[in-house]
Amino acid sequence: MCGIVGYLGKKEALPLVIDGLKYLEYRGYDSAGVAVHSGKKIEIVKAVGKINDLEQKLEQASGKGTCAIGHTRWATHGKPCLKNSHPHQNTDGNIVLVHNGIIENYGGLKIKLEEEGVVFKSETDTEVLVQLIGRYYDGDLAKAVIAALREVTGTYAIAVLAKDRPNEIVIAKKSAPLCIGIGKGENFFGSDAIAFIKHTNKVVYLKDGEVAVLTPKTVLIKNLQGKKVSYKVNNLSLDPSSIEKGEYPHFMLKEIYEQPRAIQDTLDGRISPQNDEVILTELDKYQEYLLGINKILIVACGTSWHAGLVAEYILEKHARIPVEVDYAAEFRYRFPVLDEKTLVLTISQSGETADTIAAIGEAQALGAKVLSIVNVPASTIARDSDMVIYTYAGREIGVASTKAFTTQLIVLSLFAVYLGRLHHSLDDAAASAILQNLKRVPNEIAKVFNEAKNIKKIAKAFHKHSNALYLGRGVGFPIALEGALKLKEISYIHAEGYPAAEMKHGPIALIDENMPTVVLAFKGRRYEKILGNIMEVKARKGKLIVIASESNDGIKRIADWVIHIPDASESISAILAVVPLQLLAYYIAVEKGCSVDQPRNLAKSVTVE
Ligand code: F6R
């Protein structure tokens, strides 16, 4: 999604803004642009493509100044091209703006403005907003921004410059992330604090409907009624080195290899020394509520939704509470049946996914309490939820989610035991067995990395295929979905995940000697059944890549390729099996020469509907 950065202070602003934009590249974008205020005029430079393309253009530009804004655009309204990229300016050229979000009523506003004689230069919804601000501007930029924002519906994070106000930037937000970094004699802002964390860790998270007037030394926040509001300065602990690739060629590979550490950090301090209780002090206040729930509704998107599907199996098994799993975008627009006895559980890496945020509001309005599993501290979802359990994966930069997913599975497993104990559906021995197994996961994942060479060979053999099927049963089914998603998003190979038993109800028609099928066949009570599915694929000459438990040597006689994972219980095997699927997708994408960390059309965090 679009990224916004800005600086005003005493230093040359453009290098800081460009550096900030580079840190936001992970969000996904197709064009970029900056505007710098030189004191007398505002110079705008834009480029289609990457930040490097923008930097090349800047070499020819003359603009210098201590106040600048920057933007990476992920196209929604209007194709990626120079005229649609940001910053945009009004017809008079005295107002310049960058925007993340969607102005939903732009059509009507555009007609109105055109009738008044405004000639639009782009196909974007954003241009309507800059024209509108220009219409209202009489020397008070914040007043004009507020007046314009009161006319628009939709979502926005914006930053606005006025030609005759060289030391001021006005920013505002509604349902799109935006935070301010307070420095000494300088201020920064960004869609993500990562954009300026090298310079200051003093962060103010702007709330929806707030407008901030920034100068190098001051921050004034108002609401849309123009009234001054107070704000809290947070000391953010975010290590800038955690957002470097280090020795790895891609963030995705680095993040795959970080999983043992990320899982250890997520487990630390959450299991009692006797291994029989889960410690989630963040839920202490809500124990009585959690004891009274009779339904869990899990709401998420993408990979986090897959984690929710895994949770359905383990929560129903251990806590004996009925669970439903829904896509956030579907949940928010249907008429869900829930009440104060329903726990709505949302799962999100970024904590900024627009549909999940909206779903939280819906659920709370219907009387439910919301527990969220989130990776990014102080993100919108974390702030909006009644209860939060953090995953400690650390920053995830690669667009394809890896370590966030496995740490979500760990938190969900812990939560299933916690609820099982609370509802007396899990005895000491059963809880202890699960928790001891969970503690072994970091080491067992490290063993899976021994298969990397084998997986590379499989990737070489399969990267030219254009389709693939992923099959699993039980908890293996959502893992199959996740494996297929990883492959399609970074290698652009069409892949589908299915519950293996469903194969006979349609997908089996696709199987021939050109169709690779990845089967999750680890030991467990469904093993014999999935072996039957493997034989069905083989009988139709399909190519078989089987993820099997280490002790299953015999499978080599049936499968074309075998990837072994350590022997473990079914639900732990599911967590271990994710890792070879991530590596398989990664090496296939590398073989194909794809842009692994920034796949085409994708954004790291989907902050628009
Ligand atoms: C896929 C992926 C996405 C996200 C989805 C939800 O690899 O990363 O499918 O899982 O956009 O994002 P979060 O978890 O940030 O809410």
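The values are calculated or read from the model by the stated rules, or taken from the named source; none is laboratory data. What you are looking at is a predicted structure, and each value in this text was computed from that prediction instead of being measured. Neighbour counts are summed over all protein chains in view; Cβ atoms, including those assigned to glycine, are modelled from backbone coordinates with ideal geometry. Heavy atoms of the whole protein, side chains included, go into the accessibility calculation; ligands, DNA and RNA do not. Shrake-Rupley method; radii C 1.70, N 1.55, O 1.52, S 1.80 Å.
Odds and ends about this structure:
- Check on GLY398, under 12 Å from the mean Cα position of the chain (by Cα), surrounded by 23 or more Cβ atoms within 10 Å (Cβ to Cβ), within 11 Å of the ligand (Cβ to nearest atom) and touching a residue at least 40 places away in the same chain (Cβ under 8 Å): yes
- Test for LEU414: is it closer than 19 Å to LYS295 by Cβ and either free of Cβ contacts under 8 Å to residues at least 12 places away in the same chain or more than 13 Å from the ligand (Cβ to nearest atom) (or both): no
- Residue match in segment 148-157 (condition: hydrophobic (A, V, I, L, M, F, W, C), open to solvent by less than 10 Å² (accessible area, probe 1.4 Å) and not in a helix (DSSP H, G or I)): yes
- When TYR390 is tested against (1) within 16 Å of the ligand (Cβ to nearest atom); (2) in contact with a strand residue (DSSP E or B) (Cβ under 9 Å, 6 or more places away or on another chain); (3) open to solvent by less than 40 Å² (accessible area, probe 1.4 Å), just one condition goes unmet, and that condition is (3).
- Some residue of segment 239-260 being farther than 27 Å from VAL579 by Cα and touching a residue at least 60 places away in the same chain (Cβ under 8 Å): no
- When ILE256, ILE180, ILE194 are checked against the criterion of being assigned to a helix (DSSP H, G or I) and within 24 Å of LYS11 (Cα to Cα), a single residue qualifies: ILE194.
- Checklist (1) within 30 Å of PRO249 (Cα to Cα); (2) out of contact with any strand residue (DSSP E or B) (no Cβ under 6 Å at 6 or more places or on another chain) applied to ASP553, failing item: (1)
- Taken together, ALA452, ALA393, ALA446, ALA404 contain a single residue that is assigned to a helix (DSSP H, G or I) and under 19 Å from the mean Cα position of the chain (by Cα), which is ALA404.
- Any hit, segment 466-480, residues being touching a Ser or Thr at 6+ places or on another chain (Cβ under 6 Å) and at negative phi: yes
- Counting residues in segment 204-214 that are among the hydrophobic types (A, V, I, L, M, F, W, C) and under 19 Å from the mean Cα position of the chain (by Cα) gives zero.
- Taking the listed residues VAL370, VAL376, the one that is open to solvent by less than 10 Å² (accessible area, probe 1.4 Å), without any contact (Cβ under 8 Å) to a residue 40 or more places away in the chain, in the same structural domain as THR407 (by TED's automatic domain parsing) and within 15 Å of the ligand (Cβ to nearest atom) is VAL370, with no other qualifying.
- Residue match in segment 44-51 (condition: under 25 Å from the mean Cα position of the chain (by Cα), more than 15 Å from LEU16 (Cβ to Cβ), open to solvent by 10 Å² or more (accessible area, probe 1.4 Å) and among the β-branched types (Val, Ile, Thr)): yes
- Verdict on ALA365 being over 12 Å from the mean Cα position of the chain (by Cα), within 12 Å of the ligand (Cβ to nearest atom) and open to solvent by 20 Å² or more (accessible area, probe 1.4 Å): no
- Selection from segment 346-359 of residues that are touching a residue at least 60 places away in the same chain (Cβ under 8 Å) and open to solvent by less than 10 Å² (accessible area, probe 1.4 Å): ILE347, ALA359
- Subset tally (residues that are within 30 Å of LYS486 (Cα to Cα) and open to solvent by less than 10 Å² (accessible area, probe 1.4 Å)) for segment 281-309: 7
- Wholly enclosed strands (runs of 3 or more DSSP E) of segment 264-356 bearing at least 2 residues touching a Ser or Thr at 6+ places or on another chain (Cβ under 8 Å) and within 16 Å of the ligand (Cβ to nearest atom): 295-300, 342-348
- Subset of segment 330-350 (residues that are under 21 Å from PRO177 (Cα atoms) and at pLDDT 95 or above): THR346, ILE347, SER348, GLN349
- Residue check for LYS556: surrounded by fewer than 23 Cβ atoms within 10 Å (Cβ to Cβ) and free of Cβ contacts under 8 Å to residues at least 12 places away in the same chain: yes
- Flag for VAL34 being closer than 28 Å to GLU489 by Cβ and in a strand (DSSP E or B): no
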